[in-house]
Amino acid sequence: MRPHTGARELVLALQPSSRGLAYVLFEGPQSPVMWQVKEARGRKRLSRSYEIVGALITSYEPEVIVIEDVLGSTDRQLIRRKRLQRMITSYAQGRGVDVYAYTRKDIRTCFLGTGAVTRREIAHVIAGRIHAFSRLPPERKLWKSEHRRMYLYDACALTQTYFSRDANFRSAR
């Protein structure tokens, strides 16, 4: 782990989805710098997502990467995401970037004080805290898939979890 210098650190949150990869780059808890949803479909979506991550790390040189921890899950549908998580962690650590993985339970715990439990409720809290994300995507209809921008809110939730836990860690030192 890198020593904290007191300067703002760049935190890159990554949220893989079935359609690609959403990312948000933060300078502080409420300071997003860049965000986007990148498409990665088809047979090579795993390698395409890995290429996107490599390009993001090279371009932005973040100090920290946060990602959803799916390694403990027994869900067979998450096989590719588990592999991608391992690949990202290995690549980032090889480049000297700290990687933090948070479970959905960790994220819910972070937002517990707000009363938000579901992804949508957490997105509402983020929309109220971070001006750049104040416009929520439309609510999902049962017959439609999730709006692609919703994954940006998932990535923001990861950074909020990191900064809340990081603040507790730093204040304990």
Checklist line | Geometric extent, Cα atoms of region 57-152 - Rg, Dmax (angstrom) | finding: 15.5, 43
Next item on the list: List, in order, the whole-Hz ³J(HN,Hα) value for each residue of region 92-100 obtained from phi through the Karplus relation with A = 6.51, B = -1.76, C = 1.60 and θ = phi - 60°; use x for Gly and Pro.
Entry: 5, 5, x, 9, x, 9, 6, 10, 10
Notebook entry, point to check: Quick one: Karplus J couplings for region 65-75, per residue in order, coefficients 6.51, -1.76, 1.60, θ = phi - 60°, nearest Hz, x for Gly and Pro?
Noted result: 10, 10, 8, 6, 7, 10, 5, x, 6, 9, 5
Notebook entry, point to check: Expressed as a whole number of Å, what is the distance separating the alpha-carbon centroids of region 96-122 and region 136-152?
Noted result: 19
Notebook entry, point to check: Dividing the alpha-carbon radius of gyration of the chain by 2.2 N^0.38 Å (N being the number of residues), what value is obtained?
Noted result: 1.00
Checklist line | For Val66, residues with placed amide H under 5 Å, excluding near neighbours | finding: Leu12, Ala13, Leu14, Tyr100
Margin query: Please list 3J(HN,Hα) in residue order for region 123-136, calculated via the Karplus relation 6.51 cos²θ - 1.76 cosθ + 1.60 where θ = phi - 60°; whole Hz, with x for glycine and proline.
Written below: 4, 4, 5, 4, 4, x, 8, 10, 4, 4, 10, 6, 9, 6
Item checked: MRE, 222 nm, helices only [DSSP H, n ≥ 4, -39500 (n - 2.57), over the chain, to nearest 500] -> -13500 deg cm²/dmol
Notebook entry, point to check: How about Lys82: which lysines have a C-alpha closer than 16 Å to its C-alpha, ignoring those fewer than 8 places off in the same chain?
Noted result: Lys44
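Read the figures in this text as sums done on the coordinates, not as results from a lab. Quick caveat: nothing in here was measured; it's all calculated off a predicted structure.
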